[in-house]
Amino acid sequence: MDPRRRSFLRGKLADASAKEVTPPPRPPWSLRPDAQFTAHCTRCGDCVRGCPRRVLHAGDGGYPQIRFDAAGCSLCGECAQACATAAIDRQAMPVPFTWRVDVADTCLNRRGVECRVCGDACETRALRFVPALGGIASLSVNVDACTGCGDCVSVCPVASISLR
């Protein structure tokens, strides 16, 4: 079903009038575009039950979505192994996520407050802190090193990190 139609039927007129609807965040290695994923997914919930970090949830229409409220994705592949329909397919989708880290200006470090929580959470070191003479270390973002796992999103104390 067209997400704009679903928005209209739920009374969300602003979403329904949008020309292009951003698909919800899907599990890693989900088929793209989103219409291809929803065509293959049976909404059985096997991927949700198989996720060890519990970042997958049944979203709108029962299709799995990923949320980074409490944790990030470990990219373990359990969801792909649990998917019998190949809507989540590691071979077909070599890159688990297409989004990358985006740090807003509300970031504590960018406002002059010593905070390195996101850098500590980032295994690939896409978020690093460069020492500054006479001041606090400044955040350096390497989007090429980012996997889109979301480990940095859940730990940010001011919710300044998103994935786009």
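With runs of 4+ DSSP H residues as the only contributors, calculate the mean residue ellipticity of the chain at 222 nm using -39,500 (n - 2.57) per run, divided by the residue total and rounded to the nearest 500. Don't skip to the answer; put the middle values down first.
On the way: 7 runs with 39 residues, N = 164.
-5000 deg cm²/dmol, from helical runs alone.
Annotation: amide H of R26 within the under-5 Å range of I66, sequence separation 5 or more or interchain, hydrogens built in the peptide plane. Net charge of the neighbourhood of D102, taken over other residues with C-beta under 13 Å away and scored Lys/Arg +1, Asp/Glu -1, is +2. Looking only at C149, C44, C118, which one moves most when the chain is put into a Gaussian network model with springs between Cα atoms under 10 Å? Per the Cα network of the chain with a 10 Å cutoff, C44 tops the list. For the range 26-108, rounded, prolate or oblate, judged on the Cα gyration tensor with a ≥ b ≥ c (square roots of eigenvalues), a/c < 1.5 rounded, else prolate if a/b > b/c? The shape class here is prolate. Among S162, S154, S140, the order by Cβ neighbours within 10 angstrom, fewest to most, reads S140, S162, S154. Which stretch or stretches of the range 129-164 have amide N atoms under 11 Å from the point lying 7 Å from V95's Cα along the Cα→Cβ direction? Inside the label zone: 144-148. What the phi angles of the range 21-38 give under the Karplus curve with 6.51, -1.76 and 1.60, with θ = phi - 60°, is a coupling list of 9, 6, x, x, x, 9, x, x, 6, 5, 4, 10, x, 4, 4, 5, 4, 5 Hz, glycine and proline written as x. For the range 101-163, the C-alpha radius of gyration divided by 2.2 N^0.38 Å, with N the number of residues, is 1.02. Matching the structure-derived P(r) over Cα pairs in 10 Å bins from 0, in percent against the labelled list [x] 11, 45, 37, 7, 0; [y] 10, 41, 38, 11, 0; [z] 10, 34, 30, 19, 6, 1 gives the label [z].
Exposure proxy shown here: for S30, S138, the number of other Cβ atoms within 10 Å sets the order, fewest to most, as S138, S30.
Read-outs throughout are calculated quantities, based only on the coordinates presented, and are distinct from any laboratory measurement. Not measured: the values here are computed from a predicted model. Glycine also receives a Cβ, built like all others from the backbone with ideal geometry; neighbour counts cover every protein chain displayed.
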